[in-house]
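Chemist: Can you read through this structure? Questions will come right after.
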Amino acid sequence: MIQVGMSASCVYPLACEDGFRFAQKAGYDGVEVMVTREPVTQSVDGIKKLMDTYEMPVLSIHAPVLLLTHFVWGRDPQIKLEKSAELAANVGASTVVVHPPFRWQSTYAEKFLDIVRQTSENTGITIAVENMFPWKVRNSQMQAYAPGPDPRELDCDAITLDFSHAALSGHDSLELALEYGERLRHVHLTDGSAAADDNRIFDEHLLPGYGKQPVAEVLQHLAAQDWDGHVVAEVNTRKAKTEDERLALLVETLEFARLHLGQTAPVSN
């Protein structure tokens, strides 16, 4: 059965421990830890303590590739990726999510695929390159990634599909999933309605079913293929005013996943 996890980033700006707590309450199968400036996200012992406390496994690690995590584990993106894979191996996670290189990381970009493959071979961890989206500055698109935000342009072995990023790129997620084929190893469960040419550049991360992406169809496709990757919720719950409201959003996301993965029966009217 396909495991459905929850990214600890779903409860941002709360702490990573709150991510584990909410994932347990909502009934997810595990957690994705995004490595940030919060010390526990960088610590094998710290993560293992959360795993034991909340009886939740870590399914995946998200490497510190955001601009806000620029100084986590230094500035060398290769070291960041290697440390992320080592962290994943030590806490029992199977996958590391990484973004394509930024355009200004020219040396890293030139060696990116070799670094990804070597790190995967050294650690036994699947390193899944995530689809990103074009940046927009003063109504003009900016090439932020090298060679670009679309992992179809890269000869990588594993890919993460993010529905919100697909929306911003103007792509149909089902078409992407079919093109990725066996390289699709990880899914960030979310949704999006805006494309970059709508003059909206923010990454929405809506609950699945609230945007325009064919999220249900992709999940149904994966279930029909006996896919063995992980589906991990990465939704924005910052507008929740109470803990109960936040929990309800996370439960709704999980129920959407279970329904369209064929893990629960639809409710009849």
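The values are calculated or read from the model by the stated rules, or taken from the named source; none is laboratory data. None of these values were measured; they are calculated from a predicted model. So basically every Cβ, Gly included, is an ideal-geometry build from the backbone, and we count neighbours across all protein chains shown.
Chemist: Could you run through the stretch 118-148 and say how many residues are at pLDDT below 95 and in a helix (DSSP H, G or I)?
Modeler: Total satisfying the criteria: 0.
Chemist: Looking only at the stretch 71-117, filter to residues that are outside any helix (DSSP H, G or I) and among the small types (Gly, Ala, Ser); which one of those is surrounded by the most Cβ atoms within 10 Å (Cβ to Cβ)?
Modeler: Filtering the stretch 71-117 for residues outside any helix (DSSP H, G or I) gives 71-76, 92-105.
Pick out the ones that are also among the small types (Gly, Ala, Ser) and you get 74, 92-94.
On the way: Gly74: 11, Gly92: 13, Ala93: 25, Ser94: 21.
Residue satisfying both the conditions and the ranking: Ala93.
Chemist: Sort through Asp191, Asp244 and tell me the only one that's charged (D, E, K, R) and either crowded, with 24+ Cβ neighbours inside 10 Å or within 27 Å of Ser120 (Cα to Cα) (or both).
Modeler: Selected residue: Asp191, the only one of Asp191, Asp244 that is charged (D, E, K, R) and either crowded, with 24+ Cβ neighbours inside 10 Å or within 27 Å of Ser120 (Cα to Cα) (or both).
Yes or no, residue by residue, for (1) within 16 Å of the chain's Cα centre (by Cα); (2) hydrophobic (A, V, I, L, M, F, W, C):
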| residue | (1), (2) |
| --- | --- |
| Thr41 | yes, no |
| Val58 | yes, yes |
| Thr69 | yes, no |
| Arg75 | no, no |
| Gln78 | no, no |
| Leu81 | yes, yes |
| His99 | yes, no |
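Chemist: So, in the stretch 247-261, how many residues would count as being within 16 Å of Tyr210 (Cα to Cα), touching a residue at least 60 places away in the same chain (Cβ under 8 Å) and surrounded by fewer than 20 Cβ atoms within 10 Å (Cβ to Cβ)?
Modeler: Total satisfying the criteria: 1.
Chemist: Kindly provide the set of residues from the stretch 26-70 that are assigned to a helix (DSSP H, G or I), loosely packed, with under 15 Cβ neighbours inside 10 Å and not charged (D, E, K, R), ordered by number.
Modeler: Result: Pro39, Val44, Thr53, Leu67, Leu68.
Chemist: Which residues, counting only those in the stretch 118-135, are buried (at least 18 other Cβ atoms within 10 Å of the Cβ) and of a type in the set (Phe, Trp, Tyr)? Let's see the steps before the verdict.
Modeler: Filtering the stretch 118-135 for residues buried (at least 18 other Cβ atoms within 10 Å of the Cβ) gives 119-120, 123, 125-134.
Residue satisfying the conditions is Phe133 alone.
Chemist: Still on this structure, please answer the following. Given (1) over 21 Å from Val31 (Cα atoms); (2) surrounded by 15 or more Cβ atoms within 10 Å (Cβ to Cβ), identify the lone condition not met by Asp226.
Modeler: (2)
Chemist: Given the criteria acidic (Asp, Glu) and closer than 19 Å to Val187 by Cβ, does Glu17 qualify?
Modeler: Working: acidic (Asp, Glu): yes; closer than 19 Å to Val187 by Cβ: no.
Answer is no for this residue.
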